[in-house]
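Colleague: The structure that follows is given in the form of structure tokens.
The values are calculated or read from the model by the stated rules, or taken from the named source; none is laboratory data. The shown structure was predicted, so the numbers you read here are calculated from the model rather than taken from an experiment. Neighbour counts run over all protein chains shown; Cβ positions are idealised from the backbone, glycine included. We work out accessible area using only protein heavy atoms, side chains counted, and drop any ligands, DNA or RNA first. Shrake-Rupley method; radii C 1.70, N 1.55, O 1.52, S 1.80 Å.
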Amino acid sequence: MKIDVLVAEIGSTTTVVNAFDNLESENPVFLGQGQAPTSVKEGDVNIGLQAAIEDMKKNLHIENENLDYTHMLATSSAAGGLRMTVHGLVYDMTVKAAKEAALGAGANIHLITAGKLSKVDMIKLDRIKPNIILIAGGVDYGERETALYNSEIIAASDLNIPVIYAGNIAVADDVKLIFESYSKEKNLHVVPNVYPKIDILNIEPTREVIQDIFEKHITEAKGMEKIREMVNGPIIPTPGAVMKASKILKDEIGDLVTIDVGGATTDIHSVTEGTEKVNKILVEPEPIAKRTVEGDLGVFVNKENVAKMIKIDRLAKELNMEMKDVEEFIKSDIAIPVTEEHKRFVERLTKEAVLVSINRHAGGYRTYFGGKTKTLAFGKDLTAVKWIVGTGGALTRLPAREEILKEIGLNNKGDKLLPTPEAKILIDNDYIMASLGVLSSLYKEASIKLLLKSLKWEN
């Protein structure tokens, strides 16, 4: 069987493959899907990929046929995904801008520093061994010393990894000379400043370079080098692919927030300018497209942590289960629930992950009392969001997925900048949003059509 594109999503717990055809026609087709446990523990993620392909062939009733494809693309969050560290000048300014760029590209940030790097910072950097280091600092033609100091200490270290410089443009040439003097010019990627002027963010150029570097260097998970050989198109971090899909979807249907509850993390991707009312009193600028990742909120790897947030005795009472049954589910190594009781348990964890993560993502109001009472807004404004989109294993497969997402609007007490109860729910029914994010690099129009079809969206 010959198809246009096969997309592999190599996750922390599950590997999914999706097949697409007729992508240059008016009616592109999602043929089917297969999945299998990700095989990082076996030392080769290719084992899980091949098992997922076999599962898909079985679902398509072509077990005995060869599967040929014009393109194979991939997304990955295996082996911790894309590990980055971010180093800027002032936390609330350049560091925040650099952080937004990294998260929006799909990175997991393991260290953030403001000001000059210390010896302890460098010890931490050496232990983390990030995939990419991002240096920022200073508005254009402003403070120079910190960016130069940090560039020199990183270039002089034993770390031989890609470095992105996204700071004060006035010292960009000096940073290049520093890396050349340590024979590490090939490691350096210079991009426009992420914070060129006060209250101005320019993070898209950095996001694009982060994903380009990830694509070239994605051999961290054992077996990924084999997958890199198989892939003849883009390979990007899975969260970056979801963000890409969210952005093209926003252009079609309006302001939205996409929620992806996974086995290890919960990711929130919002694409909205916010309201004029909030923007007038917003203290610091926020990106239009913002991602946050909650590393403590997952319904498989981190299920014990989420259960403890709810409190295990309360969880048992809410679910009308025995404590021992709840504790058994917490200890279980079954990633995909089959029994009704297990599904209800995971649904409750998913609800908690959704509500905690969206509250962390959203900004809020603060009122200051003095001679004159003043209310200001901080953080991301989600009040203009028209659509709440659910993707990922939990929010596309669990029976109560829509009810869980409706809880967001119902929990809006007015002090947080959350979506309103009027925001409508959309589900990525085919579980292909990440795949379509990477597919849009080659077939944008087809990706939009397939995404709207998966969401069952009607104008």
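Colleague: Would you work out what percent of the accessible area of the chain, with all protein chains in place, is carbon or sulfur (probe 1.4 Å)?
Modeller: Details: 10130 of 20300 Å².
Answer for the chain: carbon and sulfur cover 50 percent of the accessible area.
Colleague: Next question, about the same structure. Would you kindly find the accessible area of PHE378, with a 1.4 Å probe and non-protein molecules such as ligands, DNA and RNA excluded, rounding to the nearest 10 Å²?
Modeller: Its heavy atoms expose roughly 50 Å² to the probe.
Colleague: Take every DSSP beta bridge whose two residues both sit in segment 1-75, then give the antiparallel share in percent to the nearest 5. Please report the intermediate quantities before stating the final value.
Modeller: Values: 14 of 21 bridges.
About 65 percent, rounded to the nearest 5.
Colleague: Give the residue list of GluC sites (Glu not before Pro) in segment 268-377 that are DSSP loop and have at most 11 other beta-carbon atoms within 10 angstrom.
Modeller: Numbers: sites: GLU273, GLU276, GLU294, GLU304, GLU318, GLU322, GLU327, GLU328, GLU340, GLU341, GLU347, GLU352; in loops: GLU273, GLU322.
Passing both the DSSP loop test and the Cβ count: GLU322.
Colleague: Still on this structure, I have one more. FRET efficiency for LEU410 and LYS311, Cβ-Cβ distance as r, R0 = 25 Å, nearest 0.05?
Modeller: Numbers: r = 21 Å, r/R0 = 0.84.
Plugging the Cβ-Cβ distance into 1/(1 + (r/R0)^6) gives 0.75.
Colleague: Can you tally the lysine pairs in segment 286-362 where the Cα-Cα distance is under 28 Å and the two residues are eight or more apart, or on different chains?
Modeller: Final tally of qualifying lysine pairs is 25.
Colleague: List, largest first, the extents of the alpha carbons of the chain along their principal axes, each in whole Å.
Modeller: 62, 60, 49
Colleague: How much of the DSSP bridge set in the chain is antiparallel, in percent, rounded to the nearest 5? Mind dumping the intermediate values first?
Modeller: Working: 33 of 72 bridges.
Beta bridges within the chain, antiparallel portion: roughly 45 percent.
Colleague: With a point put 7 Å past each Cα toward its Cβ, work out how far GLU445 is from LEU177 in nm, to one decimal.
Modeller: Each label point lies 7 Å from its Cα, and together they span 5.1 nm.
Colleague: So, one more: Given the -39500 (n - 2.57) contribution per DSSP H run of 4+ residues, what per-residue ellipticity at 222 nm results for the chain, rounded to the nearest 500 deg cm²/dmol?
Modeller: Values: 17 runs with 178 residues, N = 459.
Rounded to the nearest 500, the figure is -11500 deg cm²/dmol.
Colleague: What distance in nm separates the two pseudo spin-label positions at LYS324 and ASN279, each 7 Å out from Cα along the beta-carbon direction?
Modeller: 6.0 nm
Colleague: Which of ILE358, VAL278, PHE345 sits closest to the plus end of the dipole of segment 278-409, meaning its Cα is farthest towards the positive end, when Lys and Arg get +1 and Asp and Glu get -1 on the C-beta?
Modeller: The residue sitting farthest along the positive end of the dipole is VAL278.
Colleague: So between LYS424 and ASN64, what do we pick up on full extension, going 0.36 nm a residue minus the alpha carbon distance?
Modeller: Working: separation 360, 0.36 × 360 = 129.60 nm, distance 4.32 nm.
Taking LYS424 through ASN64 to full extension adds about 125.3 nm, to one decimal.
Colleague: Give me the distance in nm between label points sitting 7 Å out from Cα along the Cα-to-Cβ direction at PHE378 and TYR141, one decimal.
Modeller: Result: 3.3 nm between the two label points.
Colleague: So, taking all protein chains as they sit and a 1.4 Å probe, how much accessible area belongs to ASP21, in Å² rounded to tens?
Modeller: Its heavy atoms expose roughly 30 Å² to the probe.
Colleague: Over the heavy atoms of LEU442, what accessible area does a 1.4 Å probe trace out, to the nearest 10 Å²?
Modeller: 80 Å²
Colleague: For segment 56-73, in order, what is each residue's ³J(HN,Hα) by Karplus, 6.51 cos²θ - 1.76 cosθ + 1.60 with θ = phi - 60°, in whole Hz (x at glycine and Pro)?
Modeller: 5, 4, 5, 5, 8, 6, 10, 3, 9, 9, 7, 10, 10, 9, 6, 10, 10, 10
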